[in-house]
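The values are calculated or read from the model by the stated rules, or taken from the named source; none is laboratory data. Computed from a predicted structure; not experimentally measured. Using ideal geometry, Cβ is built from the backbone for each residue, glycine included, and neighbour counts are taken over all protein chains shown.
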């Protein structure tokens, strides 16, 4: 799947993470012709929008099979850094799945699943 399938506006329909909420809109844009992307989140919570402005090292990879994936790093409200992976939902090019992994990128103790920014979100394109 090409990076262009990710480059659009996504409305989040359900979320179990503190870094994005249901009804937030996530805009994904490609940086020139590179494999890098940038994010903008429209949220009723200004803190959420700021978190997505600071997603780091995010780039597209075809290694996710037919779905491909976007992978990078996001910080939660407590300042912890978490790996971030986005894939298309199985069987649908119009659904996206966001997984925030419960391990800090910078080292230190493992954070239990469900704590901090850990969790996932699902949405569809507009």
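For region 18-68, a residue qualifies if it is modelled with pLDDT of 80 or more and more than 15 Å from the chain's Cα centre (by Cα), and the qualifying residues are 31, 32, 33, 34, 35, 44, 45, 46, 47.
From (1) touching a helix residue (DSSP H, G or I) at 6+ places or on another chain (Cβ under 6 Å); (2) within 24 Å of residue 92 (Cα to Cα), pick out the condition that doesn't hold for residue 10. Residue 10 satisfies all of (1) touching a helix residue (DSSP H, G or I) at 6+ places or on another chain (Cβ under 6 Å); (2) within 24 Å of residue 92 (Cα to Cα) except (1). Among the residues of region 84-119, those that are within 17 Å of residue 28 (Cα to Cα), modelled with pLDDT under 80 and surrounded by fewer than 19 Cβ atoms within 10 Å (Cβ to Cβ) comprise 89, 93.
Inspect region 19-38 for any residue being surrounded by fewer than 17 Cβ atoms within 10 Å (Cβ to Cβ), under 16 Å from residue 100 (Cβ atoms) and in contact with a strand residue (DSSP E or B) (Cβ under 8 Å, 6 or more places away or on another chain) and give the result as yes or no.
Here is the first cut: in region 19-38, the ones surrounded by fewer than 17 Cβ atoms within 10 Å (Cβ to Cβ) are 21-23, 25, 27, 29-36, 38.
The next check asks that each one be under 16 Å from residue 100 (Cβ atoms); those that pass are 21-22.
Okay, now just the ones that are also in contact with a strand residue (DSSP E or B) (Cβ under 8 Å, 6 or more places away or on another chain), so 21-22.
Looking through region 19-38, at least one residue is surrounded by fewer than 17 Cβ atoms within 10 Å (Cβ to Cβ), under 16 Å from residue 100 (Cβ atoms) and in contact with a strand residue (DSSP E or B) (Cβ under 8 Å, 6 or more places away or on another chain).
Set side by side, the residues 81, 122 differ, and just one is surrounded by 13 or more Cβ atoms within 10 Å (Cβ to Cβ), in contact with a strand residue (DSSP E or B) (Cβ under 9 Å, 6 or more places away or on another chain) and modelled with pLDDT of 80 or more, which is 122.
Screening region 1-15 for residues that are loosely packed, with under 13 Cβ neighbours inside 10 Å and modelled with pLDDT under 85 and picking the one that is nearest to residue 125 (Cα to Cα) gives 4. For region 1-54, the strands (runs of 3 or more DSSP E) that sit wholly inside it and include 1 or more residues that are within 25 Å of residue 78 (Cβ to Cβ) and in contact (Cβ under 8 Å) with a residue 60 or more places away in the chain are 9-15, 25-30.
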